[in-house]
Each structure stands twice: as C-alpha cells, then as structure tokens.
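Student: My structure is below; once you've seen it, I'll send some questions.
The values are calculated or read from the model by the stated rules, or taken from the named source; none is laboratory data. Note that the structure is predicted; figures quoted are calculated from it, not measured. Positions of Cβ are backbone-derived with ideal geometry, glycine not excepted, and every protein chain shown enters the neighbour counts.
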Amino acid sequence: MVQKTNAARSLDRLGIPYELRTYDYDPADLDAEKAAAGIGLPPQQVFKTLVVRGDQTGVCLAVIPSHRQLDLKALAKLSGDRKVQPVPLKEVQALTGYIRGGVTALACKKAYPVYGDSSLVDHAAIAVSAGTRGMLMVLAPQDYVRSVQATLGAIATAD
C-alpha cells in the first residue's frame, strides 16, 4: 500500500480524484524526464515544480513540463516582476517543506503564488510530484489548476 502524502491529503479534502504512481529513482540523478519514464507517461505530461523569487512578488512556484526549461523573462512578465531568479537549493526545503525532487505546489508550508505553463491544460491528465521523491500524482489538469490557484502562461522554453 502506498503511503499518502500531505499533497494527496490536500486533494482528498478538496474532493479531487487522482492516482498515485511510484517509480524508482536515483538520489544523485533526479531528472524529471526519468520520473516520467518511470510512471509510463510522456515528458510533456509530467510537470516539475520550481521555486523562484521575484523582485516584486517574492517567492513563487513555477510548474513546467519535465522536458523543458523555465523562461525566466516570461515568468517575470506573467508574475508582474521585473526579474525572477531560482531560489538557491539550500533554501527550498525551508520555504516549501519539500526536498529537491519532491517539490509540489500542493500543501506547501505557505500558499505561494503558482504560475503554470499554458501547456498544462493541453492534456487529458498530467502528473505532478506527490510531495516526495519517487511518487507522482496523476490528475486532470483543470483540477490541478483549481487546487493550487495557478495562473497560466507561456513560461517554458520552446521544444
């Protein structure tokens, strides 16, 4: 039996259906594309969550496809910042409650603004971290957007 995470319990409270999927991972290689392969989904359906800091808005979360990179200028424009920068890895757990490879916008320590790449809603189902390494949640993109109150825009680099 798979142990539920705080992220899963947050979806339970909202009445949002999801499926938990586990995969094997290497702590030295936490590539999101390998996580996608581990649960049998294409990389464009698996989304990674990055922690960034804007000069106006402060800490926020960016959710982008696993095979793409964050477009910092596009995120700055979408968030109303002049500039955004990735948060140093040593600060991620203290800010979110999650370790690298397990960061999710669901059930963070604090409700940070969430910005998702617009490609999120191009799929019937997406996968996001369940809040721990080796586990992803598969759910409808509209449910995810609603649950984290995400603002959508083109914030990932082109293929």
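Student: Quick one: in the stretch 23-41, which of the residues that are free of Cβ contacts under 8 Å to residues at least 40 places away in the same chain and not in a helix (DSSP H, G or I) is farthest from residue 139 (Cα to Cα)?
Tutor: Checked the stretch 23-41; the qualifying residue farthest from residue 139 (Cα to Cα) is 28.
Student: Could I ask something else about it? Does any residue in the stretch 85-108 that is touching a residue at least 12 places away in the same chain (Cβ under 8 Å) and under 15 Å from residue 63 (Cβ atoms) come within less than 7 Å, Cβ to Cβ, of a residue that is polar (S, T, N, Q) and part of a loop (DSSP other than H, G, I, E, B) six or more places away or on a different chain, and which pairs are these?
Tutor: Correct list of pairs: 98/104; 102/132.
Student: Limited to the stretch 1-22, what total is found for residues that are loosely packed, with under 15 Cβ neighbours inside 10 Å, hydrophobic (A, V, I, L, M, F, W, C) and either part of a helix (DSSP H, G or I) or in contact with a Ser or Thr (Cβ under 8 Å, 6 or more places away or on another chain) (or both)?
Tutor: Final tally of qualifying residues: 2.
Student: Return the only residue of 125, 105, 111 being out of contact with any Gly (no Cβ under 7 Å at 6 or more places or on another chain), hydrophobic (A, V, I, L, M, F, W, C) and loosely packed, with under 13 Cβ neighbours inside 10 Å.
Tutor: 111
Student: Still on this structure, I have one more. Give just the number: which of (1) surrounded by fewer than 17 Cβ atoms within 10 Å (Cβ to Cβ); (2) touching a residue at least 40 places away in the same chain (Cβ under 8 Å) does residue 134 not satisfy?
Tutor: Answer for residue 134: the failing condition is (1).
Student: Got a number for residues in the stretch 77-94 being surrounded by 13 or more Cβ atoms within 10 Å (Cβ to Cβ) and in a strand (DSSP E or B)?
Tutor: The qualifying residues number 2.
Student: Would you confirm, using the coordinates I've provided, whether residue 52 is under 20 Å from residue 139 (Cα atoms), hydrophobic (A, V, I, L, M, F, W, C), at pLDDT 95 or above and crowded, with 17+ Cβ neighbours inside 10 Å?
Tutor: It is false that residue 52 is under 20 Å from residue 139 (Cα atoms), hydrophobic (A, V, I, L, M, F, W, C), at pLDDT 95 or above and crowded, with 17+ Cβ neighbours inside 10 Å.
Student: Return yes or no: is residue 74 in a strand (DSSP E or B) and either of a type outside the set (Asp, Glu) or without any contact (Cβ under 8 Å) to a residue 60 or more places away in the chain (or both)?
Tutor: Taking the combined requirement at face value, the residue does not satisfy it.
Student: Given the criterion touching a His at 6+ places or on another chain (Cβ under 6 Å) and at pLDDT 95 or above, identify the matching residue among 93, 85, 45, 69.
Tutor: That would be 45, the only listed residue that is touching a His at 6+ places or on another chain (Cβ under 6 Å) and at pLDDT 95 or above.
Student: Show me the strands (runs of 3 or more DSSP E) entirely contained within the stretch 111-159 in which 1 or more residues are more than 19 Å from residue 86 (Cα to Cα).
Tutor: Answer list for the stretch 111-159: 126-129, 135-139.
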